[in-house]
Amino acid sequence: MPGPLHGIRIVELAGIGPGPFCGMMLADHGAEVIRIDRPGTTPNPRDPLLRSRTTMQLDLKSADDIAKLRDLVKTADGLIEGFRPGVTERLGIGPDVLLADNPKLVYGRMTGWGQTGSYAAAAGHDINYIALSGALGAIGRAGDKPTPPINLVGDFGGGAMMLAFGMVSALLGVKNGAPGQVIDCAMTDGSALLMAMMWGFRAQGIWSDTRGTNMLDTGAPFYDTYETADGGFVAIGSIEPQFYALLRQTLGIAGDALFDAQFDRAQWPAQKARLTEIFKSRTRDEWCALMEATDICFAPVLGFDEAVAHPHNRERGTFIELGGVVQPAPAPRYSATPCDPPRQP
């Protein structure tokens, strides 16, 4: 089966980061995605973000090639572009033009700051967008500076996946009789939205603005990573009382009064210091033998190659090899319309 988006055609104006990731998501799930590259560009076959695409080369400063692009977009359901605000308008392929050509078109715009606002015309990267949204300021250990979570939160979580969701939502709207429309997808907006639960916790008085002091940001001893005797690391997430009780039992601290008050923040530093000693007493593999696949909420912290080789990931096919390149498989999965395997650009 070709996936649930079979029959949908998307035109993707070549870019970097979140635009290609959005195109990859749509292509993974069955859409025909045609990527428009500059003349002379050779798609990198080792880049998973470009998989499952057909590429056309057009000079967007050429009137003839702009006409070709407009003709192509007339046959499309959606378009992805990641230029700064106003660029496609100056090229003659802005929303007004293309929606006049194709009133059912879903015109997806991927930017960092958005199409409007005082920062809209400025350059930026993931780190800047999540800084402005408040997400970056909440990530890091107590007493340390904010730690960028690679570029997962802005580019891919708050950007590409939000745009993919927006495009599929708007395409569903068109199917249900709505007109085509423009999607203004900003990584500042998306990364702010990803923090919704923390805003809720803050409103309830159970989240501090001081990073590294909360239950989910390494403040809690039962939700953190710990170094093992061999220099590896394990991840513990024993939040619920029954899981915490199992953690204590397995570590041999069930009768230690220090750990009785799980949510007493005043006890957390001492509890964490004791757990640090305990976890350093055995190797990562030894802890896996005791805790893996239990209700402790445990996992070893794996590197790239280790993640690929882990039995659970192998059993599920979480990673695939395409053209000699190991990469994540498409997700999520469908029971009735499973996706075709990805193909090289």
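Kindly give the semi-axes, whole Å and largest first, of the ellipsoid equivalent to segment 223-301, taking each as the square root of 5 times a Cα gyration tensor eigenvalue.
Whole-Å semi-axes of the equivalent ellipsoid: 19, 14, 11.
Cut-off 15 Å, label point 7 angstrom out along Cα-to-Cβ of Met1: give me the residues of segment 309-345 whose amide nitrogen falls inside.
Taking a point 7 Å out along Cα→Cβ of Met1, the residues of segment 309-345 whose backbone N falls under 15 Å are 331-341.
What are the trypsin sites (Lys or Arg not before Pro) within segment 12-53 that DSSP puts in a loop, where the Cβ has at most 14 other Cβ atoms within 10 Å?
Arg46
Treat each spin label as a single point 7 Å out from the Cα along the C-beta direction, and report the Thr42 to Thr55 distance in nm.
0.9 nm
Using a Förster radius of 56 Å, what is the FRET efficiency between Gln204 and Arg90 based on their Cβ-Cβ separation? Nearest 0.05, please.
Given R0 = 56 Å and the Cβ-Cβ separation, E is 0.75.
Using a Förster radius of 51 Å, what is the FRET efficiency between Thr75 and Glu240 based on their Cβ-Cβ separation? Nearest 0.05, please.
With R0 = 51 Å, the Cβ-Cβ based efficiency is 0.45.
To test your reading of the geometry: what angle, between 0 and 90 degrees and rounded to tens, separates the Cα axis of helix 241-251 from the longest principal axis of the chain?
With rounding to tens, the tilt is 60 degrees.
Would segment 9-196 count as rounded, prolate or oblate if I go by the C-alpha gyration tensor, calling it rounded below 1.5 in a/c and otherwise prolate when a/b exceeds b/c, oblate otherwise?
Judged from the Cα gyration tensor, segment 9-196 comes out prolate (a/c at least 1.5, a/b above b/c).
Once you sort the root eigenvalues of the Cα gyration tensor of segment 197-259 as a ≥ b ≥ c, which label holds: rounded (a/c under 1.5), prolate (a/b larger than b/c) or oblate (the other case)?
Oblate shape, in that a/c is at least 1.5 and b/c is the bigger or equal ratio.
Starting from the Cα-Cα distance between Ala309 and Leu290, subtract it from 0.36 nm times their residue separation and give me the gain in nm to one decimal.
4.9 nm
If each Cα of segment 96-154 is one equal point scatterer, what is log10 of I(q)/I(0) from the Debye formula at q = 0.19, 0.26, 0.29 Å⁻¹?
Log-scaled intensity ratios, in q order: -0.77, -1.03, -1.14.
Multiply the residue separation of Arg282 and Val301 by 0.36 nm, subtract the distance between their alpha-carbon atoms, and state the gained length in nm to one decimal.
Using 0.36 nm per residue and subtracting the Cα-Cα distance, I get 5.4 nm.
Describe numerically, in nm with one decimal, the distance between label points set 7 Å from Cα along Cα→Cβ at Val325 and at Lys175.
3.0 nm
How do 70-76, 310-316 rank on mean C-beta neighbours within 10 Å, highest first?
70-76, 310-316
What is the Cα radius of gyration of segment 97-199 over 2.2 N^0.38 Å, N being its residue count?
1.23
So between Val97 and Gln115, what do we pick up on full extension, going 0.36 nm a residue minus the alpha carbon distance?
4.8 nm
Which far-off residues, 5 or more places away or on another chain, put their amide H under 5 Å from the one on Val33, with H placed in the peptide plane?
Ile10, Thr54
Compute the separation of the alpha-carbon centres of segment 168-203 and segment 1-52 and state it in Å as a whole number.
Rounded to whole Å, the Cα centres lie 21 Å apart.
Karplus couplings for segment 39-44 from phi (6.51 cos²θ - 1.76 cosθ + 1.60, θ = phi - 60°), rounded to Hz, Gly and Pro as x?
Listing the rounded values in order: x, x, 7, 10, x, 6 Hz.
Bear in mind these aren't lab numbers, they're just calculated from the coordinates by the rules spelled out. Values in this document were obtained by computation on a predicted structure and should not be read as measured data. Glycine gets a Cβ as well: all are built from the backbone with ideal geometry, and neighbour counts include every protein chain shown.
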